[in-house]
Amino acid sequence: TQAKLETEVSKYMSYVLRHAPEAAGLTLDAEGWVSFDELEKALTSKYGVSRADIIAVIENNPKKRFTLADNRIRANQGHSIDVDLALNPSEPPATLFHGTSLVNWQSIEREGLQKMQRHHVHLSADVETAKIVATRRKGEFLILRVDAARMFSEGHSFFVSDNGVWLAESVPVQYLSPD
Ligand code: HQG
């Protein structure tokens, strides 16, 4: 079906634009952008989709994962490869949330939230989004509340991606509490 194809194309776009541009024969610039024409060529040859189909994938994406501007496209967050999104630091809401697996707690309690494979720790402004993030994985989940107001006032920087995901270098454990 069309919806299924859109999801598959969207997942492949995330993979290419965040993790492995070379898989599609692409190279991202320093801020993560690539020519839309080149991405279109790669997607058309792999999936037979048209330019309009790809634009529909971008517009219908529930998390607004991609920005298309000036005939260039990039993923808004979630990279593992070395790009600098050049986001400006912003003052966060007083409380942010992070959803994870309960089994991670022992380690998080020891070392705080770390960015792991990505460039930042990903935080949500609402608990529902954190729950969606957490339940991507099997097993019991845990929602952590981040005292972003105190963390910010004590000198930690926050960034917000173009699709509203809050990002931090790390979250030391003193700012975390189970929700
Ligand atoms: C955990 C998806 C043990 C962390 C989602 C998480 C999100 C620790 C995992 C976005 C730890 C990393 C990001 C520590 C952190 N010890 N475990 N010290 N510190 N962790 O996928 O936040 O759909 O890199 O809790 O919706 O799950 O791709 O991060 O469980 O927005 O757009 O290590 O990815 O967005 O996993 O997800 P991830 P995440 P997209």
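The values are calculated or read from the model by the stated rules, or taken from the named source; none is laboratory data. Please read all numbers here as calculations on a predicted model, not as lab measurements. Backbone-built Cβ (ideal geometry, glycine too); neighbour counts: all protein chains shown.
Run down Ser10, Ser14, Ser50, Ser45 and say which single residue is of a type in the set (Gly, Ala, Ser) and touching a strand residue (DSSP E or B) at 6+ places or on another chain (Cβ under 8 Å).
Values: Ser10 fails: touching a strand residue (DSSP E or B) at 6+ places or on another chain (Cβ under 8 Å); Ser50 fails: touching a strand residue (DSSP E or B) at 6+ places or on another chain (Cβ under 8 Å); Ser45 fails: touching a strand residue (DSSP E or B) at 6+ places or on another chain (Cβ under 8 Å).
The match here is Ser14.
Which of the residues belonging to segment 35-74 are part of a strand (DSSP E or B) and surrounded by 14 or more Cβ atoms within 10 Å (Cβ to Cβ)? Walk me through it before giving the result.
The initial filter retains those residues of segment 35-74 that are part of a strand (DSSP E or B), namely 35, 66-69, 72-74.
Of everything in segment 35-74, those that are part of a strand (DSSP E or B) and surrounded by 14 or more Cβ atoms within 10 Å (Cβ to Cβ) turn out to be Ser35, Phe66, Thr67, Leu68, Arg72, Ile73, Arg74.
Given the structure, is Asp84 among the acidic types (Asp, Glu) and outside the structural domain of Ser170 (by TED's automatic domain parsing)? So that I can check it myself, show each step before the final result.
Values: among the acidic types (Asp, Glu): yes; outside the structural domain of Ser170 (by TED's automatic domain parsing): yes.
Criteria met by Asp84.
Restricting to segment 128-141, what's the tally of residues that are more than 19 Å from the chain's Cα centre (by Cα) and farther than 9 Å from Val103 by Cα?
Adding up the residues that qualify gives 1.
Rundown of residues vs (1) within 21 Å of His19 (Cβ to Cβ); (2) among the aromatic types (Phe, Trp, Tyr); (3) in contact with an Asp or Glu (Cβ under 9 Å, 6 or more places away or on another chain), yes/no style:
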site: Pro89; (1), (2), (3): no, no, no
site: Ala94; (1), (2), (3): no, no, yes
site: Met116; (1), (2), (3): yes, no, no
site: Ala125; (1), (2), (3): no, no, no
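Residues checked against (1) farther than 19 Å from Arg150 by Cβ; (2) buried (at least 21 other Cβ atoms within 10 Å of the Cβ); (3) near the ligand (Cβ under 6 Å from one of its atoms):
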| position | (1), (2), (3) |
| --- | --- |
| Asp84 | yes, no, no |
| Ser90 | no, no, no |
| Thr95 | no, no, no |
| Leu102 | yes, no, no |
| Glu109 | no, no, no |
| Arg118 | yes, no, yes |
| Val121 | no, no, no |
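Output yes when any residue across segment 60-68 is assigned by TED's automatic domain parsing to the domain that holds Thr7 and hydroxyl-bearing (Ser, Thr, Tyr), and no when none is.
First pass over segment 60-68, keeping only residues assigned by TED's automatic domain parsing to the domain that holds Thr7: 60-68.
If we keep only those that are hydroxyl-bearing (Ser, Thr, Tyr) as well, we get 67.
For segment 60-68, residues assigned by TED's automatic domain parsing to the domain that holds Thr7 and hydroxyl-bearing (Ser, Thr, Tyr): present.
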